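Peer 1: Have a look at the structure that comes next, please.
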Amino acid sequence: MLDAIVGGLIGSGLALIGTFLTVRDSRWGRTLATEEKASAILLAQLRRLRHEDRLLQDHRAGVDFMEDCLSAILAFRDSRVRRRLTASLNLLVDSDQWARSLQAADAAFSLNQMVHHHIRECIEARLDRKRLPDPPPSWAEARGGLVDYLTRTQDDIDAAMEAHEVEREEAAARWESGL
């Protein structure tokens with residue numbers, strides 16, 4: 001009789017452990033599926049932004065874009081990932097708006113490329129269950145002061161373009177004098 005009771009207790013304990021593991025794994029699977037779907041939606045929206053240059057200039061389309069992205073971001077269970085993705089999305093939208101008023105389209109383009117890449121890194125890390133990557137220094141710098149960052153970056157780009165033009169003209173002059 002005692003053997004039957006001990007066997008029943010061991011069997012019940014194993015069944016309880018099996019049930020716990022099954023529920024845990026199914027919950028993790030549902031979470032992963034939800035986050036994969038949200039990732040696909042967010043990346044599709046970012047692709048749309050990249051291909052439709054004037055998307056954020058139309059107020060209604062910009063609001064729809066933000067709502068679609070934020071609803072996808074809310075599907076991520078990790079609050080650190082949600083905060084980082086939201087901050088990156090705000091950088092994208094704000095840089096586009098400031099670029100027009102500051103005439104800093106090249107700086108905004110450069111910043112947007114970096115932010116797109118960082119968003120993809122964050123999503124990939126989350127789906128692979130890896131540690132969230134550190135933001136690039138320019139990301140943190142832009143978050144600290146976007147207007148200053150865009151102005152300084154645009155000035156650097158303009159100076160590099162002028163230096164390149166001077167170098168090209170000097171090379172053309174050397175080439176013509178060698179004829």
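Each reported figure results from applying straightforward, stated rules to the coordinates on display, with no laboratory input. Given the structure is predicted, the values throughout are model-derived calculations rather than measurements. Virtual Cβ from ideal backbone geometry, glycine too; neighbours counted across all protein chains shown.
Peer 1: Need the full-extension length gain, Asp78 to Ala159, defined as separation in residues times 0.36 nm minus the C-alpha distance. One decimal, nm.
Peer 2: 25.0 nm
Peer 1: Ignoring everything except DSSP H segments at least 4 long, calculate the 222 nm mean residue ellipticity for the chain; use -39,500 (n - 2.57) per segment, divide by total residues, nearest 500.
Peer 2: Result for the chain: -30000 deg cm²/dmol, rounded to the nearest 500.
Peer 1: Then there is this: Using 10 Å bins from zero, what percent of all Cα-Cα pairs in the chain falls into each bin?
Peer 2: All Cα pairs, binned at 10 Å, distribute as 8, 26, 23, 14, 11, 8, 5, 3, 1, 1, 0 percent.
Peer 1: Continuing with this model, one more query. Just to confirm the filter: which trypsin sites (Lys or Arg not before Pro) across region 96-146 are DSSP coil and have at most 15 other Cβ within 10 angstrom of their Cβ? Show your work: numbers first, answer last.
Peer 2: Numbers: sites: Arg100, Arg120, Arg126, Arg129, Lys130, Arg131, Arg143; in loops: Arg129, Lys130, Arg131.
The qualifying sites are Arg129, Lys130, Arg131.
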